[in-house]
């Protein structure tokens, strides 16, 4: 998954799926439950199911994540709400999305949205701390 600088996930809970990724490039700030962490290239992040989580890409480089999951629920979500790429670039900022539909599909695929995304201020604070994954 390629996530542009400032890209983030709303706070959500994976019902049955432990969410994990290996960070190939970029830097992310993560909050899982009340635990904040920062991860950079070569680090592996894992978050247990049933716990609220969110992340934000910090810095000026995109994050490239190799996601690892034990089922296809995230893939089904991406296929349902994603749009095929028209070029080998990140999509333009500000693309219109029907977020009510996105949240409905998220819940249907086992990843219920429970809160807003992480703020840029919180992400910068986490990235500046020594809380590595």
- Message: Take the residues in region 111-123 that are surrounded by fewer than 17 Cβ atoms within 10 Å (Cβ to Cβ) and touching a strand residue (DSSP E or B) at 6+ places or on another chain (Cβ under 6 Å); name whichever of them is farthest from residue 16 (Cα to Cα).
- Response: 115
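Residue-wise test of (1) within 27 Å of residue 89 (Cα to Cα); (2) modelled with pLDDT of 95 or more.
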{"residue": "28", "(1), (2)": "yes, yes"}
{"residue": "31", "(1), (2)": "no, yes"}
{"residue": "40", "(1), (2)": "yes, yes"}
{"residue": "43", "(1), (2)": "yes, yes"}
{"residue": "52", "(1), (2)": "no, yes"}
{"residue": "57", "(1), (2)": "yes, yes"}
{"residue": "67", "(1), (2)": "yes, no"}
{"residue": "70", "(1), (2)": "no, no"}
- Filter region 61-110 for residues that are touching a helix residue (DSSP H, G or I) at 6+ places or on another chain (Cβ under 7 Å) and within 18 Å of residue 7 (Cα to Cα); the one that is surrounded by the fewest Cβ atoms within 10 Å (Cβ to Cβ) is 67
- Message: Within region 1-16, take every residue that is part of a loop (DSSP other than H, G, I, E, B) and touching a strand residue (DSSP E or B) at 6+ places or on another chain (Cβ under 9 Å) and give me the one that is farthest from residue 120 (Cα to Cα).
- Response: 15
- Query: What residue, of 10, 54, 46, is loosely packed, with under 14 Cβ neighbours inside 10 Å and closer than 20 Å to residue 111 by Cα?
  - Reply: 46
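The values are calculated or read from the model by the stated rules, or taken from the named source; none is laboratory data. All of these numbers come straight from a predicted model, not from anything done at the bench. Glycine also receives a Cβ, built like all others from the backbone with ideal geometry; neighbour counts cover every protein chain displayed.
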